[in-house]
Amino acid sequence: MPEYSIGLDLGGTNLRAAAITRSGEKLHKISGSVQFREGREAVMADMVRAIVELREKHGAAGLGGIGICVPGFISLEEGVIRNSPNLPFLEDFPIREELGKRLASSIILENDANAAAVGEKWIGAGHGVDDLVLLTLGTGIGGGIISGGRVIRGHLGMAGELGHISVVPNGNPCGCGSRGCVEKHASGTAVTAMARLMKLGDALTAEQVYELAHRPDATGVKARQIWCAMGDALGSALAMLINTFNFPLYLLSGGLLPAWEFFGDAMMCAVEQRSATYRLSKATTRIEPATLGNEAGLYGAACLPWIERRSA
Ligand SMILES: [Zn+2]
C-alpha cells in the first residue's frame, strides 16, 4: 500500500475529496454536491463521511495526513474561518478542532487559493518553481503566494488576499470595505456587471460574454471592450505583484481563463506599462495559465501534510 494523504476541497457549491499518493497519483476521488442549505451540521457530516470512506478504503496505516481547503479569510493559527461569503454558517466555528475530534486525527486547514497554489507547485504549472503567485479568476478573485517553496501566510494566516488589491483608487465599492479591488473589476461578477452596463444582457455569465466576444458585429465589439477593461485591471494587479515580488512565475486559473485570448493583450499592456521590474526581467518572468483546473485545490490540500511534515 503506497503512502498517501487525503485532500478535501470544500467549494462554494460542492465538495471534492481524494486519496492521493505522495508522488501525486490520485487513488480515489469522491465528489458531490453539499447540503449547504441544511446548515453546518450537515456539511460537517458530509466532510467527515468523505474522509472516513477514503481512509477505510486505503487503510489508516499508509495515511500521511489530511488537508482541507475552504474559501474565505481563515485564521490558520486558530483553525477558524473568519469570513466566508459562501460558507457563512462555518464562520467563527472551530472547524479544524471539530473535524479533528470527529476523525480522531489532526487536520491541516488552508485557504482554497493558497491550496491551489500549492497544488500547482506540486504537480501543475508551477512544478519545480519555488517562488510563484497564483490568481484564481472566478466569481471573485483569490490569490496564493509561494516563496522559497512555502506558502506566505502572514502572522495570522490571512495573507494572499490578492483579489482585494485596489487597482482603481475610486473604483467600485467592495464588500471588504475598500474600493476598486481587482475583484470588482476583473472577476466573473465584474464581467457580468459590465455586460449589464453595456446593455448586452442583465445577467450574462462571464462564459456568455466570452461567447459574445467572438461575434463580428457591434455586440462582439462591446463584449471585447469588456474583456479589455478586465485585462487592464488584472494587468495592473499583476504589475503590483511583480513589483513587489520579482518572482519568475505568475499563474492564472479559474473559470475566466478561456477568455485569455480577449483579455491577454490588455493585461500584458498594463503589466508592461506599470512594472519596471517586469520590463527589466521580462526574459525570465512568466505569466501563464495554471494547468490543474478546478482540481488544484484538491491536490494542494492533499500536499499540505507532506509540506507540514517537512517543516515540522
Ligand atoms: Zn475588496
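The values are calculated or read from the model by the stated rules, or taken from the named source; none is laboratory data. These numbers were taken from a predicted model, which means no experiment stands behind them. Reconstructed Cβ throughout: ideal geometry from the backbone, glycine too, with neighbour counts over all protein chains shown.
Before moving on, here are some points about what is shown:
- Figure legend. Inter-residue proximity from the range 188-208: first residues on the phi < 0 side of the Ramachandran plot, second residues of a type in the set (S, T, N, Q) and part of a helix (DSSP H, G or I), beta-carbon distance below 7 Å, spacing 6+ or different chains. Indicated pairs: Leu200/Thr219; Ala203/Thr192; Leu204/Thr192; Thr205/Thr192; Ala206/Thr192.
- Residues satisfying the stated conditions in the range 159-171, i.e. away from the ligand (no atom under 13 Å from the Cβ) and either on the phi > 0 side of the Ramachandran plot or touching a residue at least 24 places away in the same chain (Cβ under 8 Å) (or both): Gly160
- Those strands (runs of 3 or more DSSP E) lying entirely in the range 56-96 with at least 2 residues over 10 Å from Glu110 (Cα atoms): 63-70, 80-83
- All of Gly254, Gly201 fail the test of being buried (at least 22 other Cβ atoms within 10 Å of the Cβ) and away from the ligand (no atom under 16 Å from the Cβ), apart from Gly254.
- Among the residues of the range 218-272, those that are without any contact (Cβ under 8 Å) to a residue 24 or more places away in the chain and either small (Gly, Ala, Ser) or closer than 23 Å to Glu120 by Cα (or both) comprise Ala218, Gly220, Thr244, Glu261.
- Search result, residues across the range 172-190 that are assigned to a loop (DSSP other than H, G, I, E, B) and either more than 10 Å from the ligand (Cβ to nearest atom) or crowded, with 22+ Cβ neighbours inside 10 Å (or both): Ser187
- For Asn83: the one exception among (1) within 17 Å of the chain's Cα centre (by Cα); (2) more than 20 Å from Gly300 (Cα to Cα); (3) in contact (Cβ under 8 Å) with a residue 40 or more places away in the chain: (3)
- Filter pass, Gly7 being in contact with a Ser or Thr (Cβ under 8 Å, 6 or more places away or on another chain), at pLDDT 90 or above and not aliphatic (A, V, I, L, M): no
- Residue check for Gly157: closer than 18 Å to Ala239 by Cβ and in contact with a strand residue (DSSP E or B) (Cβ under 7 Å, 6 or more places away or on another chain): no
- Residue check, Gln208 surrounded by fewer than 16 Cβ atoms within 10 Å (Cβ to Cβ) and at pLDDT 95 or above: no
- Unique residue being closer than 22 Å to Met240 by Cβ, aliphatic (A, V, I, L, M), without any contact (Cβ under 8 Å) to a residue 60 or more places away in the chain and surrounded by 14 or more Cβ atoms within 10 Å (Cβ to Cβ) when the list is Ile152, Ile145: Ile152
- Note on the range 137-157: residues that are within 15 Å of the ligand (Cβ to nearest atom) and within 17 Å of Leu304 (Cβ to Cβ) total 1.
- Among the residues listed as Gly59, Gly24, Gly67, the single one being within 15 Å of Pro305 (Cα to Cα) and surrounded by fewer than 16 Cβ atoms within 10 Å (Cβ to Cβ): Gly24
- The range 126-142 - residue that is of a type in the set (Gly, Ala, Ser) and touching a residue at least 12 places away in the same chain (Cβ under 8 Å) and, of those, farthest from Glu78 (Cα to Cα): Gly126
- In summary, Ala193 fulfils each of the numbered conditions (1) within 16 Å of the ligand (Cβ to nearest atom); (2) closer than 30 Å to Ala276 by Cα; (3) modelled with pLDDT of 95 or more; (4) small (Gly, Ala, Ser) with the single exception of condition (2).
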